[in-house]
1. Among the residues of region 111-124, write down those that are buried (at least 22 other Cβ atoms within 10 Å of the Cβ) and either over 16 Å from Met232 (Cα atoms) or among the acidic types (Asp, Glu) (or both).
2. Return the residues of region 253-274 that are under 25 Å from Tyr183 (Cα atoms) and either within 21 Å of the chain's Cα centre (by Cα) or open to solvent by less than 20 Å² (accessible area, probe 1.4 Å) (or both); say none if nothing qualifies.
3. Check Lys105, Lys144 and return the single one that is open to solvent by 50 Å² or more (accessible area, probe 1.4 Å) and part of a helix (DSSP H, G or I).
4. Output the number of the condition that Val236 fails; it satisfies all remaining conditions of (1) within 15 Å of the chain's Cα centre (by Cα); (2) open to solvent by less than 20 Å² (accessible area, probe 1.4 Å).
5. Give all pairs with beta carbons closer than 8 Å in which a residue from region 134-148 that is within 11 Å of Leu289 (Cα to Cα) meets a residue that is part of a loop (DSSP other than H, G, I, E, B) and of a type in the set (A, V, I, L, M, F, W, C); count only pairs at least 6 apart in sequence or on separate chains.
6. With the condition kept exactly as written, say whether any residue in region 156-175 is outside any loop (DSSP other than H, G, I, E, B), touching a strand residue (DSSP E or B) at 6+ places or on another chain (Cβ under 9 Å) and either surrounded by 12 or more Cβ atoms within 10 Å (Cβ to Cβ) or small (Gly, Ala, Ser) (or both).
7. Would you be able to tell me the number of residues in region 227-282 that are among the polar types (S, T, N, Q), touching a residue at least 40 places away in the same chain (Cβ under 8 Å) and either under 17 Å from Leu138 (Cα atoms) or part of a helix (DSSP H, G or I) (or both)?
Amino acid sequence: MRRLLLRAVGAVRGVPLLRAGPGSPGECFPPAPPQPLRRSGRPFTRVCPSPGPVPHPVLPAGTARLSHSDPRGWDGHTGEEEEEEEEEGWHQLYPSHIPTSPLQKALLAAGSAVMALYDPYRHDMVAVLGETTGCLALPNLRDKMKHHPEGYRILQERPCIRLSTLDMSRLRGLPDGSLGREYVRFLEDNKVSPDTRMPPKFVDDEELAYVIQRYREVHDLMHTLLGMPTNMLGEVVVKWFEAVQTGLPMCVLGAAFGPVRLSARKLQVLATELVPWAIRSGLNASCVLNVYYEQRWEQPVESLREEIGIFPPPAVRV
């Protein structure tokens with residue numbers, strides 16, 4: 001138990017403690033349908049289409065490799081430890097997955113919540129908080145997607161928004177006011193990149209892990225549709241909209257406690273203009289995860305807002 005908790009905490013700090021394979025920012029979930037397997041009487045899902053030995057990592061020149069006589073694997077764990085984990089029911093469900101117990105999730109949620117409140121720009125802590133507290137909201141979002149034609153297709157094809165999947169030159173050449181052009185303008189003006197979104201680690205369901213990854217990937221598109229910058233006021237407004245839309249506790253926490261860092265003038269604008277608009281838009285809009293944004297780049301932002309049900313932003317400076 002202690003060893004698993006240390007591994008989970010270490011993973012949050014960026015230490016690659018599990019044999020996670022691909023899972024760094026910039027990689028996508030495979031579109032191939034998962035293969036259900038069963039081991040030790042407990043069902044789990046294999047993401048890789050074909051089983052086989054895990055290849056040794058490519059080490060930099062001059063780096064020593066463990067000898068074949070060394071009982072430890074390249075992830076630092078012995079075969080006995082791995083067998084013990086399998087007997088305990090700890091199974092890796094997708095490349096970046098780190099299995100954790102309910103107690104471990106509770107500890108991670110508490111620690112990440114404190115750090116996220118202390119520094120709202122710690123995106124790694126915000127990500128952990130979203131994963132460890134979304135056990136009720138994520139299945140609800142997944143069901144909404146499954147019962148919507150466009151959302152169901154997204155779940156099947158599993159597109160991802162990364163620099164490697166975007167034709168930035170084409171998007172820059174789209175007319176002003178189109179979703180693609182305004183999205184690129186938002187990225188450039190705010191100096192952000194879609195590749196900074198961390199892959200999920202602590203969601204114990206492969207399909208739900210894609211749902212929260214998709215939510216993270218469309219977050220910048222929510223800024224674009226809502227016309228909000230990435231300053232604290234803009235982030236709080238987007239969090240209010242997302243809290244109503246998704247029900248994720250992480251969004252509710254950010255919406256509730258984010259304003260404590262705002263000035264009195266901005267608090268007044270937030271309370272009288274922006275929050276009421278964000279709540280009304282969130283309640284009126286259809287599920288934002290049911291939009292295949294990659295196929296809507298040419299659509300005008302105003303048209304897409306109207307289609308989704310987002311009201312025009314208030315004429316106030318954010």
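1. Filtering region 111-124 down to residues buried (at least 22 other Cβ atoms within 10 Å of the Cβ) leaves 112, 116.
Within region 111-124, just Ser112 meets the criteria.
2. Within region 253-274, Gly254, Ala255, Gly258, Leu270, Leu274 qualify.
3. On the way: Lys105 fails: open to solvent by 50 Å² or more (accessible area, probe 1.4 Å).
Residue meeting the stated conditions: Lys144.
4. Result: Val236 fails condition (1) only.
5. Close Cβ pairs (under 8 Å, with a partner that is part of a loop (DSSP other than H, G, I, E, B) and of a type in the set (A, V, I, L, M, F, W, C)) amount to Leu141/Cys287; Lys144/Cys287; Met145/Cys287; His148/Cys287.
6. Of the residues in region 156-175, the ones outside any loop (DSSP other than H, G, I, E, B) are 156-157, 168-172.
The next check asks that each one be touching a strand residue (DSSP E or B) at 6+ places or on another chain (Cβ under 9 Å); those that pass are 171.
Within this subset, residues satisfying the condition of being either surrounded by 12 or more Cβ atoms within 10 Å (Cβ to Cβ) or small (Gly, Ala, Ser) (or both) are 171.
Taking every residue of region 156-175 in turn, at least one turns out to be outside any loop (DSSP other than H, G, I, E, B), touching a strand residue (DSSP E or B) at 6+ places or on another chain (Cβ under 9 Å) and either surrounded by 12 or more Cβ atoms within 10 Å (Cβ to Cβ) or small (Gly, Ala, Ser) (or both).
7. 3
Okay, residues lined up against (1) within 10 Å of the chain's Cα centre (by Cα); (2) of a type in the set (Phe, Trp, Tyr); (3) part of a helix (DSSP H, G or I):
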{"site": "Gly180", "(1), (2), (3)": "no, no, yes"}
{"site": "Val184", "(1), (2), (3)": "no, no, yes"}
{"site": "Leu187", "(1), (2), (3)": "no, no, yes"}
{"site": "Val192", "(1), (2), (3)": "no, no, no"}
{"site": "Asp195", "(1), (2), (3)": "no, no, yes"}
{"site": "Val203", "(1), (2), (3)": "no, no, no"}
{"site": "Ile212", "(1), (2), (3)": "yes, no, yes"}
{"site": "Leu221", "(1), (2), (3)": "no, no, yes"}
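The values are calculated or read from the model by the stated rules, or taken from the named source; none is laboratory data. Bear in mind the structure is a predicted one, so any value in this text is a computation, not a measurement. Glycine also receives a Cβ, built like all others from the backbone with ideal geometry; neighbour counts cover every protein chain displayed. With ligands, DNA and RNA removed, areas are computed over all heavy atoms of the protein, side chains included. Shrake-Rupley method; radii C 1.70, N 1.55, O 1.52, S 1.80 Å.
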